[in-house]
Amino acid sequence: MITLKLLTFNPFRTLGMPGISYVKPDHMFKKIHDIREADVLLFPEKWQVNSLVYGLNKTIFPSIQSIQLGFDKVEMTRAFWSISNDLMPYTEIAGKSNETIERILDTFPFPFVAKEVRSSMGKGVFLINSAEEFITYAENNDVLYVQEYLPIEKDLRVVYVGNSVVSAYWRIGGDSFHNNVAQGGKLSFHSIPDEALQLVDQTAKALGINHAGFDVVVANGKFYFLEFNCLFGNKALVQRGIHVERMIFNYLLEQFPPIVPPTAPFKIIS
């Protein structure tokens with residue numbers, strides 16, 4: 001039986017996978033032969049992706065869509081908009097200028113949310129309560145990413161691996177604005193709405209996402225995406241006995257089943 005040749009650039013996210021080799025991302029071009037020989041390359045860094053996929057024509061995991069869209073909130077938002085313009089809270093993206101600052105302040109009532117386009121774990125997300133706070137945010141960001149504020153007490157993290165939802169849990173409380181676990185949010189695995197899971201499944205399949213933690217909220221009687229993170233935290237999953245690396249391995253085996261050489265025919269000797 002011929003098995004998959006797996007190579008990882010992040011050993012901590014692939015612990016326990018059988019038959020996997022490791023290359024430091026910075027050694028990529030020194031180990032180019034090993035990379036060419038691998039069937040699937042796991043968890044490359046963002047800067048590696050184009051060379052691996054377009055230059056070497058390699059299969060990567062997570063998918064290129066997962067990595068590239070998950071890296072940048074602007075591209076992620078536009079991808080959501082391409083499916084439906086109401087998948088997210090009302091959002092505006094603009095370059096920094098005096099005109100755009102004035103327009104945003106005229107458009108959004110206080111409080112509203114401003115975000116850095118590349119951030120995670122609740123960092124780089126600001127609740128704006130005054131023009132002065134927004135101007136301070138704008139001074140530190142060339143791209144203005146502004147979103148309506150939804151008064152919520154919890155949000156839903158939905159973990160998607162391969163081609164299915166593998167877990168979901170509420171994140172409650174936190175520091176009164178951020179519900180992220182990294183910001184003190186509490187976890188609850190109870191009363192998970194099926195509609196939210198179906199929405200994540202449909203959206204992930206539409207966008208080609210195969211490894212992400214989607215953040216979903218309920219407001220105004222509907223579900224909204226806030227964002228998704230390609231490299232999500234596993235702590236809550238491990239507490240539930242869920243090991244994502246095993247699910248990734250099984251998914252890869254489904255996509256690239258082992259090749260069983262045909263049995264040689266019997267020869268009849270007369």
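Extending 7 Å from Cα along the Cβ direction at A206 and again at T107 yields two label points whose distance is 2.2 nm.
Only counting other Cβ atoms within 10 Å, I'd like K73, K222, K5 sorted with the fewest neighbours first.
Ranked by crowding around the Cβ, least crowded first: K222, K5, K73.
Rounded to the nearest 500, the helix-only mean residue ellipticity at 222 nm of the chain stands at -8000 deg cm²/dmol, with each DSSP H run of n ≥ 4 adding -39,500 (n - 2.57).
Within region 70-109, name every residue whose backbone N is under 16 Å away from a label modeled 7 Å from Cα of L127 along the Cβ vector. Backbone N within reach: 109. Note on region 90-148: the alpha carbon radius of gyration divided by the globular reference 2.2 N^0.38 Å gives 0.99. Please report the base-10 log of the normalised intensity I(q)/I(0) for the chain, using a Debye sum with one equal scatterer per alpha carbon and no solvent, at each q in 0.07, 0.12, 0.17 (1/Å). One equal scatterer on each Cα of the chain leads to -0.31, -0.81, -1.35.
Counting only alpha carbon atoms, the long axis of helix 244-255 and the longest principal axis of the chain meet at about 60°. Reducing region 1-57 and region 71-111 to their Cα centroids gives an inter-centroid distance of 36 Å. Placing dummy labels 7 Å off each Cα toward the beta-carbon, the span from D34 to S97 is 5.0 nm. Helix 73-83 axis versus longest C-alpha principal axis of the chain: approximately 80°, rounded to the nearest ten. Ordered by the count of other Cβ atoms within 10 Å of each Cβ, fewest first, W47, W81, W170 give W47, W81, W170.
Rounded, prolate or oblate: pick one for region 152-241, where a ≥ b ≥ c are the square roots of the eigenvalues of its C-alpha gyration tensor, a/c under 1.5 means rounded, and failing that, prolate if a/b is larger than b/c, else oblate. Since a/c reaches 1.5 but b/c is at least a/b, the shape of region 152-241 is classed as oblate. Within straight-line reach of K31, meaning a Cα separation under 20 Å, sit the following aspartates and glutamates at least 8 residues removed in sequence or on another chain: D39, E45.
Any idea what the dipole of the chain comes to, in debye rounded to 20, about its Cα centre with Lys/Arg Cβ at +1 and Asp/Glu Cβ at -1?
Rounded to the nearest 20 debye, it is 1360 debye.
No lab work stands behind these numbers, since they all come straight from the coordinates. Predicted model only: the values in this text are computed from it and were never measured. Neighbour counts run over all protein chains shown; Cβ positions are idealised from the backbone, glycine included.
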